[in-house]
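These notes are about the structure you will find just below.
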Amino acid sequence: MKSAVDSNTVLWGQTIIYTAYVLAIMALMAWFAYNIVRTGPSKIKPAVFYAFVAFLVTTGVSLHIITYNTIPWTKVDLHGKNTPTAQQFEITVADHKFQLPSERLDVQCGKLVEFNVISKDLTYGFGLFRSDNSMVFQMQVIPGHDNIIKWNFLKNEVLSIRSTEYSGPEGSQMIVKDAVHVTGCTK
Amino acid sequence: MSFVQTLIGGNKGSFKPESLTPMQKLTLRYVVVGLVYYAFAAIEGMIMRIYQVKPISFIPPKQYFGILTAHPLVGIFGSTYMLVFGAFLFLVPMLLKKPLWSFKLANWTWGLITVGTFTFWLDGFISHYAPLYTLYWPLPADFNVFHPLSGAIFITGIALIMVGTLLFVLNIFKTITYTPDGAAPVNGKLMLLDSLGFTGLFNLFRGRRRNQEEDYLTPLPIVAIARGTVDTLFNALIITGTGVLILIYMIAELMGHSLRTSAIDALLYKNWFWWGLDLIADGLVLIYVAGVWYLLAMLITGKKLFMQKWARAALALEMVVSWTVWSHHLLSDQSQPAILKVVSGEMVTAFELITTGLAFFITLATLWSARPLKMTNPLKFLIGGLLGFALAIPAGIMQADVGLNRILHNTQWIIGPHVHVAILVGLTMTLYSVVYFLLPILTNGAELWSQKLANLHFWLHLLGGIGMGGFMGMAGLHGMLRRTIYYNGEYEGYMWLAALSGSLLLIALGVFLFNIVMTLGLRGAIGVFKKSDLDARELLPQ
Ligand code: HEM
């Protein structure tokens, strides 16, 4: 968990890869549409088909292997149930309001921090957002269940809490501005 | 002919509604209502698009969320179900060369979906019942926010649609398996098994030689339709079951007894509901669409499908895939077991890349084998539909990843590059291809009024759909959530561009509808709703 990769880095990578793919597939379809009305060789060898199937299988399998090994929060997410944390915060949600243990949550940089969000009534969401509105992470908050996320913060910053799931028309106002303060990063 | 004459009498007066069979008229009615409800969804979508640029002061948030609840349901049930059911009720008898099992039931399906959609739409509009289509527990039964009566009327509308859907399912399977009067007897059981894709599997265990196309009793598109209809059935049962559960809470509340919502486990409910709901997206849509692509490719080229055997195998594989992918909707639910997240959410979901990828390749290869083709409207829209899924499926595969879902779930990424590109570019363009293909068949040769307008329709829809999905996606990658309202212009730039793209979609629809009205004429369009004197068992006039 000592990596410098945060959500911005991952999303940046995703933007580049997906944009490149979009341009390539649009170019391919344009090429196809251009040539389908023209004469020329029209036989496709079965080998091309099998190669394509192999390509799909490789892509499907490798995506998750790559993300598992490069996105820093994946491992803790999947099997970090017993991983110890340096700080724990218990947050309650009821009647479309977040109740925080203190007005301001001070979080230490580079340490694993636990947020346990408990809903007393509806299904909500819990997300942390930077001042430019970009997302650090989110999770669903289901009533009657544990909703625990463990996170390692990498930058000194002030984050806002926002419900990330619809819980009725009032839900879009569920924002606690500048609630989480990350401090202690050297960079 | 003058403009007014064409508007009233249709292009060159070539459409004569009195010459249509009852089946042609019924199918056209499905198309008309499907398009009207598509217009409902598009107008509602556009209202929301404007709201996302800047909240409209005279539309309060509860009205906004009422629209957000009705919009996808009108789009999926009122429009997509209507268009797909109408097309299949015509195509299945056509492919099997026998009459539809029950014309009466097909009429009932049409009526129930038309009335059911209008019921929940009107109720949502007036009462603002807004639990959204996902119905996350216990929101639909939260009577501090919603009145139980408004909820009960809403659910009744959906229930009518589900009854219509069950009648459709019955009609399709009966049509596949029954023996028409005076025809050579059909072995219903064998037909059913074959249409569900079991023949190839049985032959495998019987150690038979490699399967030949002659081994099969039903053409390939029928296999896709039958297989997709199984998912339609399960989906209808789950939605009906959930509706009954919610209705119990509503009726009890109306009778003065408040039931405890905590009696239902919210996570278990979410699993059960998504299992069923996902059958629309990952089962029904993908399988039906694959079937329609295959059919269109064969009809456009007049050739056999490339790698038929693989196409059948992919449909059989879908049987496992579509029933086991639901957990990709619960990757951000911390109490969902990790094994389900990995196996169902990631691994099985990745198979959708393979099954849809195969359908994509097979369709393109079949078209290619008949080069040079004429760039007709059906071909053009089919290529657009293929591109739509080629864009949307990889976007979905990315979000079905434990690591990426943590920062994509419930953002505009999901609903833009994935959902709307799949629905508007992939599905809707495929359906437009079918509509353009069937138009001369259903109208006994009515000639399209303007090819220029058809071209304009194509380009506006394609650019609008991809543009809207793209700009929503960019906003999503910068943290913009779906299902919420931003009051401080946080994403105004992207939302302007998305609204501009949305208006292209709306103009495209206007252009298309105008072209169709000028083709059929107002008199012709009304004539579609008049009773036909011909035999209901005939698909086309003799
Ligand atoms: C034609 C123009 C359309 C436009 C401009 C449009 C626009 C929108 C907008 C602005 C949203 C709200 C996204 C948010 O939560 O921030 C939305 C949601 C949605 N739309 Fe559309 N839409 C269109 C067509 C359709 C159609 C035809 C369907 C279905 C067949 C559809 C299915 C959905 C779904 C499933 C949602 C998500 C609802 C939810 O989150 O509960 N849309 N659309």
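Values as computed for the structure displayed
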item: B:Pro140 being at pLDDT 95 or above and within 16 Å of the ligand (Cβ to nearest atom); result: yes
item: Residue tally, condition more than 17 Å from B:Trp368 (Cβ to Cβ) and either surrounded by fewer than 11 Cβ atoms within 10 Å (Cβ to Cβ) or of a type in the set (Lys, Arg) (or both), over segment A:38-63; result: 2
item: Qualifying helices (runs of 4 or more DSSP H) (wholly inside segment B:321-410; at least 3 residues being assigned by TED's automatic domain parsing to the domain that holds B:Asp231); result: none
item: Qualifying positions in segment B:490-537 - closer than 15 Å to B:Phe471 by Cβ and either assigned to a loop (DSSP other than H, G, I, E, B) or touching a strand residue (DSSP E or B) at 6+ places or on another chain (Cβ under 7 Å) (or both); result: B:Glu490, B:Tyr491
item: Among residues of segment B:63-84, those that are without any contact (Cβ under 8 Å) to a residue 60 or more places away in the chain and within 7 Å of the ligand (Cβ to nearest atom), counted; result: 2
item: Positions within segment B:431-478 being of a type outside the set (A, V, I, L, M, F, W, C), within 13 Å of the ligand (Cβ to nearest atom) and within 14 Å of chain A (Cβ to nearest Cβ), in sequence order; result: B:Gly465, B:Gly467, B:Gly469, B:Gly473, B:Gly476
item: Output for segment B:1-42, where each listed residue is of a type in the set (A, V, I, L, M), part of a helix (DSSP H, G or I), out of contact with any Lys or Arg (no Cβ under 9 Å at 6 or more places or on another chain) and surrounded by 15 or more Cβ atoms within 10 Å (Cβ to Cβ); result: B:Leu7, B:Leu26, B:Leu28, B:Val31, B:Val32, B:Val33, B:Leu35, B:Val36, B:Ala39, B:Ala41, B:Ala42
item: Those residues of segment A:92-139 which are within 13 Å of chain B (Cβ to nearest Cβ) and acidic (Asp, Glu), in sequence order; result: A:Asp95, A:Glu114, A:Asp121, A:Asp132
item: Sole exception among (1) within 16 Å of the ligand (Cβ to nearest atom); (2) touching a strand residue (DSSP E or B) at 6+ places or on another chain (Cβ under 7 Å) for B:Tyr487, by number; result: (2)
item: Test: residue in segment A:70-87 that is over 20 Å from the mean Cα position of the chain (by Cα), within 10 Å of another protein chain (Cβ to nearest Cβ) and closer than 25 Å to B:Arg406 by Cβ; result: no
item: Cβ-Cβ under 6 Å pairs, at least 6 apart or on other chains, segment B:481-498 side touching a residue at least 40 places away in the same chain (Cβ under 8 Å), far side assigned to a loop (DSSP other than H, G, I, E, B) and within 10 Å of the ligand (Cβ to nearest atom); result: B:Leu481/B:Asn410; B:Arg482/B:Asn410; B:Arg483/A:Tyr166; B:Tyr491/B:Met480
item: Filter pass, B:Arg208 being at pLDDT below 95 and surrounded by fewer than 17 Cβ atoms within 10 Å (Cβ to Cβ); result: yes
item: Matching entry among B:Gly182, B:Gly197 (being small (Gly, Ala, Ser) and either within 27 Å of the chain's Cα centre (by Cα) or under 29 Å from A:Gln140 (Cβ atoms) (or both)); result: B:Gly197
item: Residue, nearest to the ligand (Cβ to nearest atom), within segment B:26-53, restricted to residues that are in contact (Cβ under 8 Å) with a residue 60 or more places away in the chain and within 14 Å of chain A (Cβ to nearest Cβ); result: B:Gln52
item: Of the criteria (1) buried (at least 24 other Cβ atoms within 10 Å of the Cβ); (2) within 8 Å of another protein chain (Cβ to nearest Cβ); (3) more than 15 Å from the ligand (Cβ to nearest atom), which one B:Ile383 fails; result: (1)
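Yes or no, residue by residue, for (1) in contact with a strand residue (DSSP E or B) (Cβ under 7 Å, 6 or more places away or on another chain); (2) within 7 Å of another protein chain (Cβ to nearest Cβ); (3) surrounded by 15 or more Cβ atoms within 10 Å (Cβ to Cβ):
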{"position": "A:Thr9", "(1), (2), (3)": "no, no, yes"}
{"position": "A:Trp12", "(1), (2), (3)": "no, no, no"}
{"position": "A:Tyr21", "(1), (2), (3)": "no, yes, yes"}
{"position": "A:Ile36", "(1), (2), (3)": "no, yes, yes"}
{"position": "A:Ile65", "(1), (2), (3)": "no, no, no"}
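The values are calculated or read from the model by the stated rules, or taken from the named source; none is laboratory data. Quick caveat, the model's predicted, so the values are computed rather than measured. Quick reminder, even Gly has a Cβ in these numbers, built from the backbone with ideal geometry, and neighbours come from all protein chains shown.
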